[in-house]
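These notes are about the structure you will find just below.
The values are calculated or read from the model by the stated rules, or taken from the named source; none is laboratory data. Computed from a predicted structure; not experimentally measured. As a convention, Cβ positions derive from the backbone with ideal geometry for all residues, glycine included, and neighbour counts pool all protein chains shown.
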Amino acid sequence: MLRGVDTTMSNPQDAVTSTTREVRPYRIGEVADRVGVTARTIRYYEELGLLGRSTERTKGSHRLYSEADVARLQELIRLRDLLGLSLEELVSLAEAEEARAALRNQWAGTTSDRERLRIVEAAIPLVEQQLELVRKRQAAVTEFADELDEKLERLHQRQAELTS
């Protein structure tokens, strides 16, 4: 689905006159319910700069979030839970991803090989930084799995001793 455009056609005649779906903003409680976190978590993520800056709204007005904000929050929560990231690590990962997104925009805006080489060279350390973080987490999970394997083996040995 294209963002904000309904590309599904329930009626073949609609193929000629596809309509734009209404894209409405979500209030913080709705976002919290959809993503499965508290409103306080969302506010805190805003304070850390992980979501849109809270300064974008006027004092006393409701926080409103787009579908893109919801998707970003879902991705942040997925990364946090999947990799067991600290908030500092999550901020670092998100900053690297934002920098890569900016580089992708620069890439799309140029056809110069020289400029594209500069963009690629700038992207490499960002991906290396992200990959290092993922590999550290991967190593920690592997170590934990190895410990559990050893415990399970000892338990099977005790079980065998007690049943013989």
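The table below gives the values:
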quantity: In the range 94-112, residue nearest to THR41 (Cα to Cα) [restricted to those that are modelled with pLDDT of 90 or more and hydrophobic (A, V, I, L, M, F, W, C)]; calculated: ALA96
quantity: Count - residues of the range 65-111 that are among the β-branched types (Val, Ile, Thr) and assigned to a helix (DSSP H, G or I); calculated: 3
quantity: Which numbered condition GLU88 fails, given (1) out of contact with any helix residue (DSSP H, G or I) (no Cβ under 9 Å at 6 or more places or on another chain); (2) surrounded by 10 or more Cβ atoms within 10 Å (Cβ to Cβ); (3) within 30 Å of PRO25 (Cβ to Cβ); calculated: (2)
quantity: Selection from the range 23-51 of residues that are assigned to a strand (DSSP E or B) and surrounded by fewer than 15 Cβ atoms within 10 Å (Cβ to Cβ); calculated: ARG27
quantity: Matching residues in the range 93-111 - criterion: being hydroxyl-bearing (Ser, Thr, Tyr) and touching a helix residue (DSSP H, G or I) at 6+ places or on another chain (Cβ under 7 Å); calculated: THR110
